[in-house]
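The values are calculated or read from the model by the stated rules, or taken from the named source; none is laboratory data. The structure presented is a predicted model; accordingly, all values stated were derived computationally and were not measured. In this analysis, Cβ positions are derived from the backbone assuming ideal geometry, glycine residues included, and neighbour counts consider all displayed protein chains.
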Amino acid sequence: MDKSITCCFTGHRPEKMPFSATAHSFAYHMFRRNLEFAVQQAILDGYRHFITGMSRGMDLWAAMCVLDFKRAYPGLTLEAAIPCPEQPSRWPAEDVRFYNLVLSRCDTRTVLSPRYTAGCMDKRNRYMVDHSSLLIAAFDGRSGGTRNTCLYAERTGVRIHNILAEESDYTGTIF
């Protein structure tokens, strides 16, 4: 796929977000609105291929957003970058159902490691950045995989749109 029209996602899991990720949280709804705006802006800027890392939280929320936009923009494609087949094996049942729903609607699947290894998540993150020219992030400054992915994107010249850095009631430390 052409890197110039490819966008990937990174961000925290629900419990690490700087807001309560529940249907009753105003901040969560503001975040989802900003995510939708960011994805639609990417589409309007010419992005047609999107890569999700399929993790709980930002990855799956962003993937669902792309899937929703496919109705209005039929040329969009969504790729699941799966770090290993066991990725959802220890998740709560509701999250596994959401994962399987998103996975069933992805246009392509790329499995980066045949089994879980200490580095398979980083390998997945580097794969996504290496194949993209835009990274839409939900990053609040904390150390971890999201920070590493943003730093890698910055080093490799991939443009970063951090939706947690936008003005809102949920922002924390800005990248």
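Summary table
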{"read-out": "Residue match in region 144-163 (condition: modelled with pLDDT under 95 and either at positive phi or in a loop (DSSP other than H, G, I, E, B) (or both))", "value": "yes"}
{"read-out": "Among residues of region 116-147, those that are over 14 Å from PHE50 (Cα atoms), surrounded by 22 or more Cβ atoms within 10 Å (Cβ to Cβ) and of a type in the set (A, V, I, L, M, F, W, C), counted", "value": "2"}
{"read-out": "Members of region 119-143 that are modelled with pLDDT of 95 or more and either part of a loop (DSSP other than H, G, I, E, B) or more than 23 Å from PRO14 (Cβ to Cβ) (or both)", "value": "GLY119, LYS123, ARG126, TYR127, ASP130, HIS131, SER132, SER133, LEU134"}
{"read-out": "Pairs, first on the phi > 0 side of the Ramachandran plot in region 57-82, second surrounded by fewer than 23 Cβ atoms within 10 Å (Cβ to Cβ) and in a loop (DSSP other than H, G, I, E, B), C-beta under 9 Å, six or more apart", "value": "GLY57/ARG13; GLY57/MET17; GLY57/ALA21"}
{"read-out": "Flag for SER25 being small (Gly, Ala, Ser) and more than 16 Å from the chain's Cα centre (by Cα)", "value": "yes"}
{"read-out": "Residue tally, condition within 16 Å of the chain's Cα centre (by Cα) and not acidic (Asp, Glu), over region 66-91", "value": "12"}
{"read-out": "Only listed residue being without any contact (Cβ under 8 Å) to a residue 12 or more places away in the chain, within 16 Å of the chain's Cα centre (by Cα) and closer than 22 Å to ALA38 by Cβ, chosen from LEU164, LEU151", "value": "LEU151"}
{"read-out": "Residue list for region 15-27, restricted to those being within 30 Å of GLY157 (Cα to Cα) and in contact with a helix residue (DSSP H, G or I) (Cβ under 9 Å, 6 or more places away or on another chain)", "value": "LYS16, MET17, PRO18, PHE19"}
{"read-out": "Boolean, ARG48 is basic (Lys, Arg) and farther than 18 Å from ILE5 by Cα", "value": "no"}
{"read-out": "Checking ARG13 against (1) in contact with a Ser or Thr (Cβ under 7 Å, 6 or more places away or on another chain); (2) free of Cβ contacts under 8 Å to residues at least 60 places away in the same chain; (3) farther than 30 Å from CYS84 by Cβ, the condition it does not meet", "value": "(3)"}
{"read-out": "Candidate set from region 93-117 (those that are out of contact with any Pro (no Cβ under 8 Å at 6 or more places or on another chain) and hydrophobic (A, V, I, L, M, F, W, C)); member that is nearest to ALA62 (Cα to Cα)", "value": "VAL102"}
{"read-out": "Hits in region 164-175 - residues which are assigned to a loop (DSSP other than H, G, I, E, B), in contact with a Phe, Trp or Tyr (Cβ under 8 Å, 6 or more places away or on another chain) and either at pLDDT 65 or above or loosely packed, with under 13 Cβ neighbours inside 10 Å (or both)", "value": "ASP169"}
